[in-house]
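Asker: Dropping the structure in here first, questions after.
The values are calculated or read from the model by the stated rules, or taken from the named source; none is laboratory data. Only a predicted model underlies this, so the values are computations on that prediction, with no experimental measurement involved. All Cβ positions, glycine included, derive from the backbone under ideal geometry; neighbour counts span all protein chains shown. For the accessible areas, the whole protein counts, side chains as well, though only heavy atoms, and no ligand, DNA or RNA atoms are used. Shrake-Rupley method; radii C 1.70, N 1.55, O 1.52, S 1.80 Å.
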Amino acid sequence: MYLAKVIGKTVSVLKHPAYENRTLLLVQPLSLRSQVVRTPTIAVDYVGAGEGDTVIVGAGPGVAQEVFGIENAPIRELIMGIVDHFDVTLPEETNDT
């Protein structure tokens, strides 16, 4: 699981049946400091997230089957929650060179 920011919506004319009535969103993975950590990816929305929302994304084989009981769904990443607020105390970064 990781935090991400929803940065857009994707459109698909043909969808696998597991995607029916689901929105495909483009999400940007974030660190706990809200910094970009890698390239954006597409996630299936199960909670009604929208552009600009910070979300919890579940990733990995079998996540959709385990969480939502969808058999043989080709879903790698799915949005499982919308984050209202998070607070994290992290150690200060050092520039030791």
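Asker: For the chain, calculate the relative contact order in percent as a whole number, restricting contacts to Cα pairs under 8 Å that are 6 or more residues apart.
Answerer: For the chain, the relative contact order is 28 percent.
Asker: So how strong a dipole does the range 1-86 carry about its Cα centre when Lys and Arg Cβ are +1 and Asp and Glu Cβ are -1, to the nearest 20 debye?
Answerer: 280 debye
Asker: A follow-up question, please. Apply the Karplus curve 6.51 cos²θ - 1.76 cosθ + 1.60, θ = phi - 60°, to the phi angles in the range 46-59 and return the couplings in whole Hz, x for Gly and Pro.
Answerer: 10, 10, x, 6, x, 4, x, 6, 8, 10, 9, 10, x, 9
Asker: Taking every pair of alpha-carbon atoms in the chain, give the share separated by more than 18 Å as a whole percent. If you can, show how the numbers build up before the last one.
Answerer: Values: 2245 of 4656 pairs.
Every Cα pair in the chain considered, those over 18 Å come to 48 percent.
Asker: Add -39500 (n - 2.57) for each DSSP H run of 4 or more in the chain, then divide by its residues: what number comes out at 222 nm, to the nearest 500 deg cm²/dmol?
Answerer: Values: 1 runs with 6 residues, N = 97.
Result for the chain, helices only: -1500 deg cm²/dmol.
Asker: Using the Cα atoms as the points, what is the convex hull volume per residue of the range 1-56 in Å³?
Answerer: Values: hull volume 4.6 nm³, N = 56.
So the per-residue hull volume is 83 Å³.
Asker: Just the accessible area per residue of the chain, please: how many Å² with a 1.4 Å probe?
Answerer: Numbers: 6550 Å² over 97 residues.
It amounts to 68 Å² per residue over the chain.
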